[in-house]
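Accompanying notes for the structure given below.
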Amino acid sequence: MFKAGEIVLAKIQFADTPGVKQRPALVLFEELGNAVVAGITSNPNMKGVPLTRAEGAIKESVIKLNYIFTISEEAVVKRLFTLSQEKRKEVYRRLCDRLMMLESG
């Protein structure tokens, strides 16, 4: 099972490229053996929540709040680390802010 705030290495199928790639993702929540996750990129030009080496990332990264998807437990290769409670709150706050903008928009 997954826990909210875990960073996992997952097998991900991208729509624009053939094959499956292993990429890090943040578990937002888990339900019935599946996890809703946010993708993570090392591209510093992407928008999202910064994730630093000091916080556990292998390299400076960005949690992409515009790239949210569901993965099965079988897609997880391994757990990498867990975000601090403060960083989880920042992610959820910014995600909620983005969703609220849609409602008012």
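Find, among the chymotrypsin sites (Phe, Trp or Tyr not before Pro) in the stretch 1-53, those assigned to loop by DSSP (not H, G, I, E, B) with at most 12 other beta-carbon atoms within 10 angstrom.
Values: sites: F2, F14, F29; in loops: F2, F14.
Loop-located and lightly packed - F14.
Distance from the C-alpha centroid of the stretch 76-104 to that of the stretch 8-36: 16 Å, rounded to the whole angstrom.
Normalised radius of gyration for the chain, please: alpha carbon Rg relative to 2.2 N^0.38 Å, two decimal places.
On the way: Rg = 13.4 Å, N = 105, 2.2 N^0.38 = 12.9 Å.
Cα-based Rg divided by the globular estimate yields 1.04.
The HN-Hα couplings worked out from phi for the stretch 71-83 by the Karplus form 6.51 cos²θ - 1.76 cosθ + 1.60 (θ = phi - 60°) are 10, 8, 4, 5, 7, 7, 7, 6, 8, 9, 6, 10, 5 Hz, whole numbers, x standing for Gly and Pro.
What's the local net charge at N34, with K and R +1, D and E -1, over the other residues with C-beta under 11 Å away? Intermediate results must be reported in sequence, preceding the final value.
Working: positive: none; negative: E30, E31, E73, E74.
Summing Lys and Arg as +1 and Asp and Glu as -1 gives -4.
Among the GluC sites (Glu not before Pro) in the chain, none is located in a DSSP loop while being surrounded by at most 11 other Cβ atoms within 10 Å of its own Cβ.
Mind sorting V20, V91 by how few other Cβ atoms lie within 10 Å of their own Cβ, fewest first? Intermediate results must be reported in sequence, preceding the final value.
Details: V20 12, V91 21.
So the residues, fewest neighbours to most, are V20, V91.
Computed from the coordinates by the stated procedures, all read-outs in this text should not be read as laboratory data. This one's a predicted model, so the numbers in the text were calculated from it and none came from an experiment. Every residue, glycine as well, gets a Cβ built from its backbone with ideal geometry; the counts of neighbours run over all protein chains shown.
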